[in-house]
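Asker: Below is the structure I would like to discuss, written out as C-alpha cells.
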Amino acid sequence: MSFFNSFITFIISNLPKGFAKPFAKPYVAGITMDDALSHVHRLNNNGFDATVDILGEHVSNVDEARNITAQYCQLYQMIAEESLECTISVKPTHIGLNISLSEAVFNMTAILEKAQEFGNFLRIDMENSAFINQTFEIFEQCKPIYENMGVAIQSYLFRSQEDIERLADSNFNSRICKGIYRESSSVAFQDREDIKNNFLILAKSMAERNAFSGYATHDQDLIDKLLHWIETENISPDLFEFQVLFGVPMEGRLEALLEKGYKVRVYVPYGPDWFDYSVRRLKENPDIAGYVLWNMFKK
C-alpha cells in the first residue's frame with residue numbers, strides 16, 4: 001500500500017492543479033483569509049491554538065511583496081477583532097528577501113509593528129540553507145526593537161546547535177522542526193534517526209537556557225521521547241508547546257496532549273499558492289493520497 005500511495009503522490013504532483021485539488025484540500029485551510037480564520041475559530045473552540053501562514057515564497061516583485069505584507073498586517077487586525085488565539089508565521093522570501101535583504105527587513109518591520117500594536121506574536125519561518133544567514137540577520141535586526149517574535153530552527157542542519165548557543169537567552173523563542181527542504185550532506189544530516197536525535201538535543205539545549213520552544217513534529221516516536229524527557233526532568237509547560245500542521249492525521253494524539261495540560265498549536269496555511277505546498281505535504285505523508293482516493297471512489 002505504501003508503494004501505491006507513493007506512486008499516486010508522484011502522479012498527483014504532475015497533474016494539472018484542478019485534478020490535484022482534492023488531494024491538497026486536507027492540508028490547506030482554503031484560499032481566503034476568511035477561510036483560514038473560520039478554521040482557526042473551530043480549532044480554538046476545540047482547545048487548540050493556531051498560527052496562520054499565507055502560502056507562497058520567492059517573490060521577486062516589490063509590489064507583490066508589499067501586497068503580501070499588507071495582507072499579513074490585515075491578518076493581525078482580523079485576529080484581534082475576532083479574539084482568536086492565533087499568531088502569524090512569515091517566510092522571508094515571501095516578503096522580498098529574493099529582492100534584497102533591505103526589502104525583507106522593511107516589510108518584516110511593517111508586519112512586526114502591527115503585531116506589536118495588537119499584542120501578538122510573529123514567527124519567522126526558515127527556508128532552505130541558501131537563505132539561513134539572511135533570515136537570522138533579519139531576526140537579529142528586528143529582535144531588539146520587537147520583542148514578541150521568534151524564528152524556526154531545523155534539526156537536520158549541522159549548524160543549529162551553534163545557532164541556539166549564539167541566540168538563546170530567556171527571551172529567545174524558537175520553533176524546532178526537522179526541516180523539509182532537500183539539503184546536501186555537507187550541511188545536513190541525511191539519516192532520519194540522526195535528525196530525530198538532534199531534535200531532542202536542540203529541545204534540551206533550549207530548555208537548559210530557559211528559552212521557549214515549539215516542538216513541531218508529527219513523528220509519534222519523537223513525541224514519545226519528548227514526553228518522556230519532559231516528564232522525567234519535570235520541564236515546565238511554560239517552556240514549550242507542541243506544534244503540528246493543519247490536516248495531518250494524528251490518531252487522537254493531539255487531544256491526548258491537551259488532556260495532559262500541554263498547549264498544542266496548529267499551523268494553518270491558506271492562499272492561492274496552495275499547490276507546491278500541498279505536494280510537499282503529500283510527499284511527506286503519501287498515505288493521505290491513497291486515503292483521499294479511496295474515499296473519492298466510495299462516494
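The values are calculated or read from the model by the stated rules, or taken from the named source; none is laboratory data. Computed from a predicted model, the values in this text were never measured in an experiment. Every residue, glycine among them, receives a Cβ derived from its backbone with ideal geometry; neighbour counts consider all protein chains shown.
Asker: Considering only residues that are more than 20 Å from Asn173 (Cα to Cα), hydrophobic (A, V, I, L, M, F, W, C) and touching a helix residue (DSSP H, G or I) at 6+ places or on another chain (Cβ under 8 Å), which ones fall in the range 96-109?
Answerer: Leu97, Ile99, Leu101, Ala104
Asker: Conditions: (1) over 30 Å from Leu75 (Cα atoms); (2) outside any helix (DSSP H, G or I). Val266 meets all but one. Number of the miss?
Answerer: The one condition Val266 does not meet is (1).
Asker: Of all residues in the range 99-129, which are of a type in the set (Asp, Glu) and either in a helix (DSSP H, G or I) or out of contact with any Ser or Thr (no Cβ under 8 Å at 6 or more places or on another chain) (or both)?
Answerer: Listed by number, the residues that qualify are Glu103, Glu113, Glu117.
Asker: Give the residues of the range 171-197 that are hydrophobic (A, V, I, L, M, F, W, C) and closer than 11 Å to Ser155 by Cβ, sorted by residue number.
Answerer: Ile176, Cys177, Ala188, Phe189, Ile195
Asker: Can you name the number of the only condition in (1) within 17 Å of Met126 (Cβ to Cβ); (2) modelled with pLDDT under 95 that His218 fails?
Answerer: Going through the list (1) within 17 Å of Met126 (Cβ to Cβ); (2) modelled with pLDDT under 95, His218 breaks only (1).
Asker: Also, quick follow-up: Which residues, counting only those in the range 36-84, are under 25 Å from Pro26 (Cα atoms), polar (S, T, N, Q) and surrounded by 17 or more Cβ atoms within 10 Å (Cβ to Cβ)?
Answerer: Within the range 36-84, Asn44, Thr51 meet the criteria.
Asker: Could you name every one of the helices (runs of 4 or more DSSP H) located completely within the range 1-60 that has at least 1 residues being of a type outside the set (A, V, I, L, M, F, W, C) and modelled with pLDDT of 80 or more?
Answerer: Passing ranges, in order: 33-45.
Asker: Mind checking which residues of the range 106-136 are of a type in the set (D, E, K, R) and surrounded by 15 or more Cβ atoms within 10 Å (Cβ to Cβ)?
Answerer: Once the filter is applied, which keeps residues that are of a type in the set (D, E, K, R) and surrounded by 15 or more Cβ atoms within 10 Å (Cβ to Cβ), the range 106-136 yields Lys114, Arg123, Asp125, Glu127.
Asker: Against the conditions (1) over 22 Å from Glu127 (Cα atoms); (2) under 20 Å from the mean Cα position of the chain (by Cα), where does Glu233 fall short? Just the number, please.
Answerer: (2)
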